[in-house]
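Structure first, commentary second.
The values are calculated or read from the model by the stated rules, or taken from the named source; none is laboratory data. From a predicted model like this one, the values you see are computed outputs, not experimental measurements. Here the Cβ positions follow ideal geometry from the backbone for every residue, glycine too, while neighbour counts run over all protein chains shown. In case anyone asks, the SASA skips ligands and DNA or RNA and just uses the protein heavy atoms, side chains included. Shrake-Rupley method; radii C 1.70, N 1.55, O 1.52, S 1.80 Å.
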Amino acid sequence: MSSRRLIASLGLAATASVLLPAIAAGATISEVGEVKDGKAPRCPEACSVVTRTTGLPTSIAGDRNIFKIPSNGRVVAWTVTLGAPATKDRAALQKQLGRAKAQLVILRRGKSVAATVVGASSAKTLDPYFGGSVTFALPKSLAVRKGDVIGLSVPSWAPVLVQGYDANTSWRASRPRGRCGGTTDERKQDYYVDTTLAAGKSGTFNCLYKSERMAYSATFIPTPVPKKTTTR
């Protein structure tokens, strides 16, 4: 896996106009969902992909807060790390599903395994960035609340799975019961079943996948809190 990180040019100027006032006000920029364990999607070796679903991260090494928004604020960019599928695998996937694409979504949890998409970026084509990481600046930032979760929606397919963990690392997919598939081969049977959730839509994340995660994060700026002044 290459360590290169690209920054998509679209929306950089708009994002900069959001970032600079926040920095001046003393807000702390953070990367929600960033996992620094040195692991990355293993492609082309042992390559697995996510297909046509919206993903809700649940735990990373037992920590359930890594993908949660820590306070009210705005998301101004998102980053995804990608494997590089072998040429024949890539061709087969493109023939079945089209070009690799994904988008960041903001999920607000409901009861049990339900959640609603309260915000979303546009879907981005991923294949130009296979084998590295890319950051997409948002032309318009997304408002978020404390406790919201950043998810990833994949309308076609994306080589974003990082495997090799124990059962304390997991994520959920917005698939119906009985259509989960426990292995990559079993999931291939559901390639044509689109279970992605659009902005404003609610769904149930019935399928739990253990010992793996998706490699993405979001750049977050908290809402500045005015300093209290004391009077004498």
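Values as computed for the structure displayed
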quantity: Entirely in segment 53-161, the strands (runs of 3 or more DSSP E) that have 3 or more residues that are on the phi > 0 side of the Ramachandran plot; calculated: none
quantity: Members of segment 174-204 found to be among the hydrophobic types (A, V, I, L, M, F, W, C) and either at pLDDT 95 or above or surrounded by fewer than 16 Cβ atoms within 10 Å (Cβ to Cβ) (or both), listed by number; calculated: Val193, Ala198, Ala199
quantity: Only one of Val50, Val76 that is modelled with pLDDT of 95 or more and closer than 20 Å to Tyr129 by Cβ; calculated: Val76
quantity: Test: Val32 is closer than 20 Å to Thr135 by Cα, within 17 Å of the chain's Cα centre (by Cα) and modelled with pLDDT under 95; calculated: no
quantity: Residue ID - farthest from the chain's Cα centre (by Cα), chosen from residues in segment 130-169 that are within 17 Å of Ala114 (Cα to Cα) and open to solvent by less than 10 Å² (accessible area, probe 1.4 Å); calculated: Asp148
quantity: Hits in segment 117-129 - residues which are open to solvent by less than 20 Å² (accessible area, probe 1.4 Å) and either under 11 Å from Thr81 (Cα atoms) or among the aromatic types (Phe, Trp, Tyr) (or both); calculated: Leu126
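Each row is one residue, and each column tells you yes or no for (1) farther than 27 Å from Lys210 by Cβ; (2) loosely packed, with under 15 Cβ neighbours inside 10 Å; (3) within 17 Å of the chain's Cα centre (by Cα).
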position: Thr54; (1), (2), (3): no, no, yes
position: Gly62; (1), (2), (3): no, yes, no
position: Lys68; (1), (2), (3): no, no, yes
position: Arg74; (1), (2), (3): yes, no, yes
position: Lys88; (1), (2), (3): yes, yes, no
position: Ala91; (1), (2), (3): yes, yes, no
position: Leu97; (1), (2), (3): no, no, no
position: Ser112; (1), (2), (3): no, yes, no
position: Ala115; (1), (2), (3): no, no, yes
